[in-house]
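Trainee: Handing you a structure now.
The values are calculated or read from the model by the stated rules, or taken from the named source; none is laboratory data. Note that this is a predicted model, so its numbers are computed, not measured. Quick reminder, even Gly has a Cβ in these numbers, built from the backbone with ideal geometry, and neighbours come from all protein chains shown. Please note that ligands, DNA and RNA were not included when accessible areas were found on the heavy atoms of the full protein model with its side chains. Shrake-Rupley method; radii C 1.70, N 1.55, O 1.52, S 1.80 Å.
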Amino acid sequence: WAPLIPPGRVLDLACGSGRHCRLLLARGHEVVAVDREPFSLPGVRFVGADLEDGSPWPLSGERFQGIVVTNYLHRPLFPLLERSLSPGGVLIYETFMQGNERYGRPSNPAFLLEPGELWRAFAGLHVIAFEQGRVLEPKLAMIQRLCAVQA
């Protein structure tokens with residue numbers, strides 16, 4: 001769903017090794033990456049933050065044309081993500097859901113979405129696409145995917 005993101009600034013939240021940063025840069029976006037582990041990629045503004053330690057949101061007041069979150073779940077961030085989208089901005093979110101414990105990690109229920117949870121969590125956005133269920137690639141897993149736009 002990356003082609004749906006309007007030109008401009010895009011946030012890659014919990015960026016890990018930066019695979020989505022590279023994709024977003026190649027699409028011409030200005031990329032801001034957040035993770036607790038240091039990360040460096042030319043052209044990417046990295047913000048080091050532990051998003052779960054109770055510290056303030058490190059991007060307060062900043063707005064993005066796109067936000068990408070994959071393989072990461074910290075429910076208290078849901079309202080912040082919605083508020084951080086510019087009008088017309090696109091949220092792309094994919095992570096594991098209940099049932100994934102059959103296939104490996106994560107298996108802790110605290111890190112697994114309930115059925116339909118992303119749809120409900122971002123009910124204030126216009127949902128373009130929502131998927132949930134078993135996937136075979138890149139590994140066997142139970143996931144949810146959401147693509148939604150800020151009005």
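Trainee: So if I check each of Glu82, Glu62, Glu37, Glu52, which one is within 26 Å of Pro138 (Cα to Cα) and of a type in the set (Asp, Glu)?
Mentor: Glu37
Trainee: Which residue out of Leu81, Leu73, Leu118 is part of a loop (DSSP other than H, G, I, E, B) and either under 17 Å from Val31 (Cβ atoms) or not aromatic (Phe, Trp, Tyr) (or both)?
Mentor: Step by step, each of Leu81, Leu73, Leu118 is checked, and only Leu73 is part of a loop (DSSP other than H, G, I, E, B) and either under 17 Å from Val31 (Cβ atoms) or not aromatic (Phe, Trp, Tyr) (or both).
Trainee: Related question: Give the residue that is most open to solvent (accessible area, probe 1.4 Å), with candidates limited to residues of the range 39-59 that are more than 17 Å from the chain's Cα centre (by Cα) and over 23 Å from Arg27 (Cα atoms).
Mentor: Only one residue tops the list, namely Pro56.
Trainee: Taking the options Gly104, Gly88, name whichever one is part of a strand (DSSP E or B) and open to solvent by less than 40 Å² (accessible area, probe 1.4 Å). Give the steps one after another, and end with the answer.
Mentor: Values: Gly104 fails: part of a strand (DSSP E or B).
Gly88 is the lone residue from the list that is part of a strand (DSSP E or B) and open to solvent by less than 40 Å² (accessible area, probe 1.4 Å).
Trainee: Given the residues Leu73, Leu23, which is the only one that is within 23 Å of Glu131 (Cβ to Cβ) and open to solvent by 50 Å² or more (accessible area, probe 1.4 Å)?
Mentor: Leu23
Trainee: Could you tell me whether Leu112 is touching a helix residue (DSSP H, G or I) at 6+ places or on another chain (Cβ under 6 Å) and open to solvent by less than 60 Å² (accessible area, probe 1.4 Å)?
Mentor: Criteria met by Leu112.
Trainee: Residues to consider are Ser84, Ser60; find the one that is modelled with pLDDT under 95 and hydroxyl-bearing (Ser, Thr, Tyr).
Mentor: Criteria check complete, one pass: Ser60.
Trainee: Scan Gly16, Gly8 and give me the residue that is without any contact (Cβ under 8 Å) to a residue 60 or more places away in the chain, open to solvent by less than 70 Å² (accessible area, probe 1.4 Å) and either over 13 Å from the mean Cα position of the chain (by Cα) or closer than 18 Å to Phe111 by Cα (or both).
Mentor: Testing whether each residue is without any contact (Cβ under 8 Å) to a residue 60 or more places away in the chain, open to solvent by less than 70 Å² (accessible area, probe 1.4 Å) and either over 13 Å from the mean Cα position of the chain (by Cα) or closer than 18 Å to Phe111 by Cα (or both) leaves just Gly16.
Trainee: What is the number of the single condition among (1) open to solvent by 10 Å² or more (accessible area, probe 1.4 Å); (2) of a type outside the set (Asp, Glu); (3) touching a Lys or Arg at 6+ places or on another chain (Cβ under 6 Å) that Val32 does not meet?
Mentor: It fails just one condition, (1).
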